[in-house]
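**Student:** Got a structure for you, written out below as structure tokens; questions coming shortly.
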Amino acid sequence: MMRLGTAGEAVYREHPIKILRYSAKNLWLLIFPLLRSLRFYPFSLQNLIDWGAGAWFDLLVALLILGIGTLRWHACTYYFDEVSIRSQSGLLLRRGTEIPLERIASTVEEHPFYLRPLRAACLQISTAAGAVPEADMHLTLYLRDLHRLRQHIPVLQNGSTGAVAYHTPAWRMLLFSALFSSSFSGAIYIATICFQGGRITSDLVQQFQAQQLLEDATDRASTAFHGVPRIAITIGIVILALWLISFGRNLLRYGRFRMRFGEEFISVHTGILTRRRYHLRDNAIIFPDLRQNLLMKIFGMVSLHIRCPGYGSRRDTLPVLIPLIRKKGSQALLEKLHAVPVMEHPKLHARSNIRFFWSFVWPPVIGLCAILPARFILLWLLPNLGAIIRFCSVMLIIPLVWLLCIRIVAMFTESVTMDDRHLQMHFCSWFTFHTITVNHARIVRTDLMQTPAQKMYGVCHLYITCNGPRQQRFKLTALPEAKAREIVETLARTEMQDMS
């Protein structure tokens, strides 16, 4: 919807579907009058009158909720010109936001399946000063208004002809979804839905008889796995179901992945049900991050992620630029991101001292050593729960042994390389290997940490903190102290030169 401002400037309103968004917190109250209406089926005029007579108060509350949402929608406007985009919201307390177009770091266009028939889309605009995980501006637009915005915002115009496009094959998307899915992620997703959905979610769980379905699946699996405790089968089914939820969610979110490089901008298209288009300003990218798990490292595959304001800032999404690619093929992409794929003439190169292997392996080793006595103590205290205790102890041993293998590999591969402009880090964070190449100007803090034993042998831990909407610290373990101090001094000189 568009109207003219006082100075002849075009002022726009968001799509009316935003009324439901403003009413969403209390919208679940509408379910009660709707449920009461079912007992009057088949509907007739008299039945509708009888239903309205009994549910008039509920309807009044529903109209009040929608009425307040409509007022909030009517009070929200936005307008744009060749220089900036501005929005205003609020009924009593007016709030205005203005973003210069040249300061936009990234935008996200979301086209959910339920908005496409309404010719609507969601637009999020982020700058380098945006708060995580929220964008600086959220708009729900008519598609025609989004097309008008594209004519003014340069970052939305990066799908020009002549740009180079990269497509990810379907088998790589399946493999990527399998490798980056976990039962823990599925559990967090389900917990979030239950927390946000509240009463409606619990009603749906009862309606679908989820507990009965789980018991039936356990009974059928018990006939196939003789001798396995029933509780172990139930836990295994729950873990598998949560992993499948995470796998399906990743597949729907990152399916149909393709990327396009423009002269100044990068465009990423992804999603099956909800189609998302990310538009990134390439000079807003803080650093690229090549990620691998142990299997990917063995087979020479990497996943290219980036750190950029507004891209993958939410905790339930990954900042993926290329889901899965051969490590050799990633070198050309890093050059397009103005990153150094391989430092040919480094000023400094340092590797971790493997004599301090305990700094790498202590988390899984302590965990494995603690499981055995904890198992015996629990079996002695709770003999009736022996089957559950044995199963859970085995389920804890598997990821700890896997983590121990990863830590041993990291002990031999962790290193840091530096030249006049970039710092390249090869390190491991829990189950993931990272290769991060960051410009000196993006590093905001360095810290050294030493234990008394490390001080005797001239070894220390180096912590690197990079800037961005959310500062993140990376740890390089057991580096030679002289090399680490040289890195700190070089970065300090670079900072002083930039300030002068």
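The values are calculated or read from the model by the stated rules, or taken from the named source; none is laboratory data. The structure presented is a predicted model; accordingly, all values stated were derived computationally and were not measured. Cβ sites come from the backbone with ideal geometry, for glycine too, and all protein chains shown count toward neighbours. Areas reflect the complete protein model, heavy atoms only, side chains present, ligands, DNA and RNA absent. Shrake-Rupley method; radii C 1.70, N 1.55, O 1.52, S 1.80 Å.
**Student:** Run the simple label-point estimate for ARG144 and THR451 please: 7 Å along Cα→C-beta, distance reported in nm.
**Tutor:** About 6.9 nm, to one decimal.
**Student:** Can you compute the FRET efficiency between SER429 and ALA387 using 1/(1 + (r/R0)^6), with r the Cβ-Cβ distance and R0 = 51 Å? Round to the nearest 0.05.
**Tutor:** For SER429 and ALA387, the calculated efficiency is 0.90.
**Student:** So how much accessible area does MET296 have, in Å² to the nearest 10, using a 1.4 Å probe?
**Tutor:** Near enough 0 Å² of accessible area.
**Student:** What trypsin sites (Lys or Arg not before Pro) in segment 419-452 are in a loop by DSSP, with at most 15 other Cβ atoms within 10 Å of the Cβ? Let's see the in-between values first.
**Tutor:** Details: sites: ARG421, ARG442, ARG445; in loops: ARG421.
Of the trypsin sites (Lys or Arg not before Pro), the ones in loops of segment 419-452 whose Cβ has at most 15 other Cβ atoms within 10 Å are ARG421.
**Student:** For segment 250-399, what does the alpha-carbon gyration tensor say about shape, rounded, prolate or oblate, given a ≥ b ≥ c as the root eigenvalues, a/c under 1.5 as rounded, and a/b over b/c as prolate?
**Tutor:** Details: a/c = 3.24, a/b = 1.70, b/c = 1.91.
Verdict is oblate for segment 250-399.
**Student:** Cα centroid distance between segment 75-95 and segment 360-377, in Å?
**Tutor:** 57 Å
**Student:** Another question about this same structure. Could you check the simple spin-label distance between PHE113 and ALA170, using points 7 Å along Cα→Cβ, in nm with one decimal?
**Tutor:** 1.7 nm
**Student:** Here's something else I'd like to know. Taking amide H positions as placed 1.01 Å from N in the peptide plane, with prolines and chain starts having none, which residues 5 or more places from PHE265, or on another chain, fall under 5 Å of its amide H?
**Tutor:** ASP282
**Student:** From the square roots a ≥ b ≥ c of the eigenvalues of the alpha-carbon gyration tensor of segment 422-500, which class results: rounded (a/c under 1.5), prolate (a/b over b/c), or oblate?
**Tutor:** oblate
**Student:** Loop only by DSSP, 16 or fewer other Cβ within 10 Å of the Cβ. Give me the GluC sites (Glu not before Pro) in segment 91-155 that pass, ordered by residue number. Let's see the in-between values first.
**Tutor:** Numbers: sites: GLU98, GLU102, GLU109, GLU110, GLU134; in loops: GLU134.
Here the sparse-neighbourhood loop sites are GLU134.
**Student:** Sticking with this one: Just to verify a number: what accessible area does HIS74 come out at with the full protein assembly present, 1.4 Å probe, Å² rounded to tens?
**Tutor:** Counting only protein heavy atoms, the figure is 100 Å².
**Student:** Test of the criteria: in segment 346-398, which trypsin sites (Lys or Arg not before Pro) are in a DSSP loop and have at most 14 other Cβ atoms within 10 angstrom of their Cβ?
**Tutor:** LYS347
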